[in-house]
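Coordinate-derived values only; no laboratory data. Since the structure is predicted, the reported quantities are computational estimates derived from the model, not experimental observations. Because the Cβ atoms are built from the backbone with ideal geometry, glycine has one as well, and the counts that use them run over all protein chains shown.
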Amino acid sequence: MKRYFIDANIMLDALLQREGHDPQEAVRLLAMGEKRQVRLFTTSNSMGVVLYHLQRSDADKKGLRLRNAQRIIIDLLACVEVVPVDAEHFRQSAASTFGDIEDGAQYFAVAAVSALDGVVSRDPDYDGHIGTKRITAAQALRAVK
C-alpha cells in the first residue's frame with residue numbers, strides 16, 4: 001500500500017475546491033485514504049492550517065458554520081492519520097537543509113512514523129530536502145492504480 005504525506009494545501013484544494021489546483025484529484029486521493037486504499041499522513045500543523053481557513057471569522061465559530069467546520073474535520077480525520085510534530089522534529093529541521101523549518105519539521109515527523117512513497121504537496125520548499133519525491137495529487141493517484 002502506498003504511503004503519502006499530504007500537506008495542508010492539498011487538503012484545502014479538496015475542501016475549498018480551489019481552481020487550478022487539482023481539486024478533484026485531491027478529493028479522489030482523500031477518498032482513497034478513507035477506503036484504506038492508500039495511507040495518508042498529515043500533521044497537527046497542517047490540520048491547524050485547515051482549521052484556520054475554515055474558522056477565520058467569529059461567524060465561522062458558531063451556528064451552521066461551526067457545525068459545517070466540525071463535520072468537515074470529522075470527515076477529513078476519516079481519510080488521514082494525524083502525526084504530532086514535536087520539538088525534536090523542529091531540531092532536525094533546523095539542522096537540515098530546509099529553508100522552511102516548519103515544512104521540514106512536518107516532513108521529519110511523518111517520516112519518523114512510516115517510510116513514505118511521496119510527499120503530496122504543491123510547495124516547492126520540499127524539493128531537494130526530502131528522501132522521496134514531492135508529487136501532485138494527480139501523480140499520487142496514478143501511482144496507486
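With contacts defined as alpha carbon pairs under 8 Å and 6 or more residues apart, what's the relative contact order of the chain in percent? Don't jump to the answer; show the numbers that get you there.
Working: 216 pairs, mean separation 43.3, N = 145.
Relative contact order for the chain comes out at 30 percent.
Under 29 Å between alpha carbons: how many lysine pairs meet that in the chain, if sequence neighbours fewer than 8 apart on the same chain are excluded? The partial results should precede the final answer.
Values: 2/35; 2/133; 2/145; 35/133; 35/145; 133/145.
The result is 6.
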Mean Cβ-within-10 Å packing, highest first, puts peptides 2-9, 36-43, 48-55, 68-75 in the order 2-9, 36-43, 48-55, 68-75
Scalar couplings 3J(HN,Hα) for region 21-32 by Karplus 6.51 cos²θ - 1.76 cosθ + 1.60 (θ = phi - 60°), nearest whole Hz, x for Gly and Pro, are 10, 6, x, 5, 5, 4, 4, 5, 5, 4, 4, 5
With +1 at each Lys and Arg Cβ and -1 at each Asp and Glu Cβ, the charge dipole magnitude of the chain around its Cα centre, to the nearest 20 debye, comes out at 620
Of the residues 116, 77, 131, the Cα lying farthest along the dipole of region 1-143 towards its positive end, which is defined by charges on the beta carbon of Lys, Arg, Asp and Glu, belongs to 77
Sorted largest first, the C-alpha extents of the chain along its principal axes in whole angstrom are 44, 36, 26
